[in-house]
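A short worksheet on the structure shown next.
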Amino acid sequence: MGAGSSSISQLGSNVYLKKFVSTDIITPNDPFWNQLLSFTFSVPHTSSDYRLLEEAITPLFLELLQNHSHSGNVAALVHVFLTRATELKASAHCDNSVFTWQAFNALFIVRCVCKLLLQHLSEAEVIAVLQASPPAKEGIDGEDNSTLVEELVTSLVEVVVDVPLVELTYSLHQEATTTLLVLTSSLVFTSADASNLTILKMLMTSRASIHACLFVKTLLKRFMAQDKPPGRDDGGSVILGLASGLWNVLTLGLSGSGDDAGTQGGAVESPLANQSVLLLLVLANHYTAHRSTPNPYRQALLHAQNFHDPAESTPTQAVATFKLEFATLYKSLYTHLQDDQTTLLLYLLLHKNEDFRTYVLARTDMESLVLPILKTLYHAPDSTSHHIYMSLIILLILSEDDTFNKTIHDIPLKNITWYTERFISDISLGGLLILVVIRTITYNMTKMRDKYLHTNCLAALANMSSHFRSLHPYVCQRLVSLFETLSKRHSRLCESLRASEDLLDESENDMPDALSDVSVLEEVLRMVLEILNSVLTHQLSHNHNLVYTLLYKRHLFQPFSSHPSFQDVTQNIQVVLSYLMGRLETTKRDPGVHDVQEVIQQGVLHLPKDRLKKFPELKFKYVEESEPEEFFIPYVWTLVYQKSGLYWNPKCICMFDPPQPDV
């Protein structure tokens, strides 16, 4: 580094970096900083590149740890950045690249130092390093750096909200966002309570929190815009100089191609949007439980309003909020739902932001949002379990609305290319949703065996069941086949239990597990029967194909009609099937498919309604766990670990077992 071009392999011997980490005291106004920060460097944009960088600078880092208390050079560098940052707003307007260039370089070094510090020291020790002053000279007071970290945090927030986003400042915005991610990451490397962490507390309660509303709006706008990094001239080298198009230096390495660009799992077209949504999720999911001071970032996100909504909401308490284009936000969300972080953001908005949920449910293009979710569930083996959970919970939240449940059966779909299990040329959105959820249940039974996932799947189907209309024949087959699969498994388990009871030498330790399996299976069977019962009770005349399938498979339900756990919910099924079988017996001796369908069409119209037992509509509501931080904080930091493009040393992580990078 310094006035010239540097590569990773040269960093360990760079004279400017060696002076920076030495015992030499370098004051913030020393000309040395202009030399150190006048460098061109291909900024890493993949986890593997960052790993190489950290390995290359580790010897320098260890020397810095040994010498920082004598030199105070880390604090001096922070002061240098803060000085440059004060000029940024004006420099962006006048297209003066010097301040932007040096501020970016200073912040890049600060971020690299902070990241290594946080992986090896406690947060208190990290703050001590960042604020360390050189020993005071006799008769001269030492510099007071006690608020330096708070000034840094506030300055980074102000860079994001105050500095205009133009080509010249794109990389600086990305670096400021990434540095805030790094500074809040100490929780990942410790078992401490989040409420005891100083930097998070600074963001939540100190001067930076004044900007919370505008900060959240800015991060959302970055996500919505999906701005790509400015291009670079790949045909030649970047030459340092004010006449050489200095913004190229700032974007070098950020707009490069490569399968690993931006995250561990694949290319990111807009690294600024990616980091912005990750930082937003970090801020919105901490400080959420039973705190006297509400999380200002979460409050702002969950009370955001539509720019075009003329009605002003009247919250029960004064909450700082903002307006933005919900239409653009909606499109950005459904366009990127293949990403875990986008799905989690959608969940937060749907579950907690009433204005946004109302807006979404009023949309006439519901398929644009639902289809990406169904695609994620369909390709469940390629997704994380958390991504599957969040996708299902979103469907459950949507299914709480009757208008949604009606509308999805009126939206026709054609040529869903990703659904390869069977070619279906014409199906409703509601029919496809049922198919994919059933497939998820089947996948869970064989692979994940998670009761919670079963419950969410069936709850969503149950909410929709009283509005099932004109189901495709294949959907009906899959619905009844699900019951058949479950009933066969139930039969096998019960036979196994009876056989075990007859064997004197059978281990008693296996019995509780087997009984538990039977109990869980019976709960699932009952819910499927309740769903079928709900369709027949509320939509009998609109589901000829389902009735036909039930008639064809009527033998499956006979054993359950006398079972005490299922007797009540099979009653209506038996009434409908018995009634139609009676009408069939008065037709031809050997009726064909067309004859059966005709009997069904007429029979469901003439079946006396009083013969069906009345059941209330099935209604399930998603309720978040009582301690949501226990789930969401590790989840969010797992996403940062996987999706930020940074290298996080897995040996230093305490919060979770680091997942393997996507291949």
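The values are calculated or read from the model by the stated rules, or taken from the named source; none is laboratory data. Bear in mind that the values here come from a model prediction, so they are computed numbers and not experimental data. Cβ coordinates were reconstructed from backbone atoms using ideal geometry, including for glycine residues, and neighbour counts include every protein chain displayed. Remember, those area values only see protein heavy atoms, side chains included, never the ligands or the DNA or RNA. Shrake-Rupley method; radii C 1.70, N 1.55, O 1.52, S 1.80 Å.
Data overview
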{"read-out": "Exposed GluC sites (Glu not before Pro) absent: longest stretch of the chain, with sites in DSSP loops and at most 15 other Cβ within 10 Å deemed exposed", "value": "139-268"}
{"read-out": "Candidate lysines - alpha carbon under 27 Å from LYS89, same-chain residues fewer than 8 apart omitted", "value": "LYS115, LYS201, LYS217, LYS221, LYS228, LYS323"}
{"read-out": "GLU325 long-range amide H proximity, modeled H, under 5 Å", "value": "PHE307"}
{"read-out": "Value of [θ]222 nm, deg cm²/dmol, for the chain, DSSP H segments ≥ 4, -39500 (n - 2.57) each, nearest 500", "value": "-18500 deg cm²/dmol"}
{"read-out": "On Cα atoms only, tilt of 73-86 relative to the major axis of the chain in degrees", "value": "80 degrees"}
{"read-out": "Sparsely packed chymotrypsin sites (Phe, Trp or Tyr not before Pro) within region 403-480, loop by DSSP, other Cβ within 10 Å at most 10", "value": "TRP418, PHE423"}
{"read-out": "Solvent-accessible area, 1.4 Å probe, carbon plus sulfur percent, for the chain", "value": "51 percent"}
{"read-out": "Net charge of Cβ neighbours under 11 Å - reference ARG469; Lys, Arg +1; Asp, Glu -1", "value": "0"}
{"read-out": "0 to 90° range, to nearest 10: angle between helix 170-183 axis and the chain longest Cα axis", "value": "80 degrees"}
{"read-out": "From the C-alpha gyration tensor of the chain, square roots of 5λ in Å", "value": "59, 26, 22"}
{"read-out": "Compactness relative to 2.2 N^0.38 Å, alpha carbon Rg of region 554-663", "value": "2.10"}
{"read-out": "Highest average packing first - 454-464, 30-40, Cβ atoms within 10 Å", "value": "454-464, 30-40"}
{"read-out": "Shape call, region 106-175: gyration tensor on alpha carbons, a/c limit 1.5", "value": "prolate"}
{"read-out": "Equivalent ellipsoid semi-axes - Cα gyration tensor, region 62-132, angstrom", "value": "27, 11, 10"}
{"read-out": "Heavy-atom accessible area order for ARG298, ARG422, largest first, 1.4 Å probe", "value": "ARG422, ARG298"}
{"read-out": "Helix 385-399 axis, angle to the chain major axis (alpha carbon atoms, nearest 10°)", "value": "60 degrees"}
{"read-out": "Interchain or long-range residues, amide H under 5 Å from THR46's placed H", "value": "GLY262"}
{"read-out": "Relative pair counts by distance (%), Cα atoms of region 7-124, 10 Å bins", "value": "13, 44, 34, 9, 0"}
{"read-out": "Under the Karplus curve 6.51 cos²θ - 1.76 cosθ + 1.60, θ = phi - 60°, whole-Hz ³J(HN,Hα) for region 34-39, x wherever Gly or Pro sits", "value": "4, 6, 4, 8, 9, 10"}
{"read-out": "Overall form of region 533-573 per C-alpha gyration tensor (a/c, 1.5; a/b vs b/c)", "value": "oblate"}
{"read-out": "Heavy-atom accessible area per residue - the chain, 1.4 Å, Å²", "value": "44 Å²"}
{"read-out": "Solvent accessible area, Å² - LYS89, 1.4 Å probe, full protein context", "value": "110 Å²"}
{"read-out": "Environment charge of HIS308, counting only residues whose C-beta is closer than 12 Å and scoring Lys/Arg +1, Asp/Glu -1", "value": "-2"}
{"read-out": "Largest-first principal axis extents, alpha carbons of region 400-500, Å", "value": "51, 30, 22"}
{"read-out": "Region 483-623: C-alpha gyration tensor shape, a/c 1.5 cut-off, then a/b vs b/c", "value": "prolate"}
